[in-house]
Amino acid sequence: MAGAIVIALVIITKTDAKIEIPQNAVILAFGDSLTEGYGAKEDESYPVRLGKILNMQVINAGISGEVTQKGAARLPSLLDEIKPDIVILCHGGNDIIRKYDLQKTKQNLAYMINLIRNKNAVVILVGVPSFNGFLIDTNDIYDELADEYNLIYEDAVLSEIIKSPALKYDQIHPNAAGYGLMAENLAKLFNKYFNIADR
């Protein structure tokens, strides 16, 4: 199944044709607390909300507090276990908050992207903001990765959430409404880039 999807990805980067996926495609949401759903109930996380919108299973593999180095170490066995067709990668926020070397963070994210692609799965990248006081914009490393790897990319929703008190639980995490907006924006990407069978 995944092999057919990645072949379609090559087509989309050249002709804008939609990627054909079955209704039972395996979708893995991989990341840290932003994926786990910190600040909301378990059924209000963006993976759960996205699964309901798409009427598909979205597996939540978020771990609060995880940095990209640990994520890169955790991902290979998870890919072997779950065998996803699509991976939503939303990682790096803890590196940014802890002021890690972001070139190393970028290298870790690139490693994860290559791991996912080597398993014939499609990557959807979610950009994470820098959380620099009033200048809350998606960090440049995500734009660079999206360009370098020609990725399906959600570049703005987290910045929009963090700028809006009504959408966030604390200074860096969405609330239930914020996670709902994440799910809605990602669903729009699915509708734009994928043709889901039995729709």
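The values are calculated or read from the model by the stated rules, or taken from the named source; none is laboratory data. Because the structure is predicted, anything quoted here is derived from the model rather than measured. In this analysis, Cβ positions are derived from the backbone assuming ideal geometry, glycine residues included, and neighbour counts consider all displayed protein chains.
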Fill in: Any chance Asn114 is over 23 Å from Leu54 (Cβ atoms), free of Cβ contacts under 8 Å to residues at least 60 places away in the same chain and among the polar types (S, T, N, Q)
yes
Practice prompt. Select, from Asn191, Asn185, Asn195, the only residue that is over 17 Å from the mean Cα position of the chain (by Cα), among the polar types (S, T, N, Q) and more than 14 Å from Gly93 (Cβ to Cβ).
Written response: Asn195
Fill in: Residue in region 31-38 that is part of a loop (DSSP other than H, G, I, E, B), farther than 22 Å from Thr105 by Cα and in contact (Cβ under 8 Å) with a residue 40 or more places away in the chain present
no
Practice prompt. Would you please name the residue that is surrounded by the most Cβ atoms within 10 Å (Cβ to Cβ), looking only at residues in region 61-77 that are free of Cβ contacts under 8 Å to residues at least 12 places away in the same chain and either touching a His at 6+ places or on another chain (Cβ under 7 Å) or not basic (Lys, Arg) (or both)?
Written response: Ala73
Fill in: Enumeration of residues in region 162-180 that are among the hydrophobic types (A, V, I, L, M, F, W, C) and crowded, with 19+ Cβ neighbours inside 10 Å
Ile162, Leu167, Ile172
Worksheet, complete the sentence: Per the filter on region 33-60, residues crowded, with 22+ Cβ neighbours inside 10 Å and not acidic (Asp, Glu) are Leu34, Thr35, Gly37, Ser45, Tyr46, Pro47, Arg49, Leu50, Val58
Worksheet item: Restricting to region 52-73, what's the tally of residues that are within 18 Å of Asn175 (Cα to Cα) and touching a strand residue (DSSP E or B) at 6+ places or on another chain (Cβ under 6 Å)?
Response: 2
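Residues are listed down the side, and each one gets a yes or a no for (1) free of Cβ contacts under 8 Å to residues at least 40 places away in the same chain; (2) part of a helix (DSSP H, G or I):
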| site | (1), (2) |
| --- | --- |
| Asp143 | yes, yes |
| Glu148 | yes, yes |
| Ser159 | yes, yes |
| Ala166 | yes, yes |
| Asp170 | no, no |
| Ala177 | yes, yes |
| Ala183 | no, yes |
| Leu186 | no, yes |
Worksheet, complete the sentence: Checked against (1) more than 19 Å from Lys119 (Cβ to Cβ); (2) at pLDDT below 95, Pro22 satisfies every condition except (1)
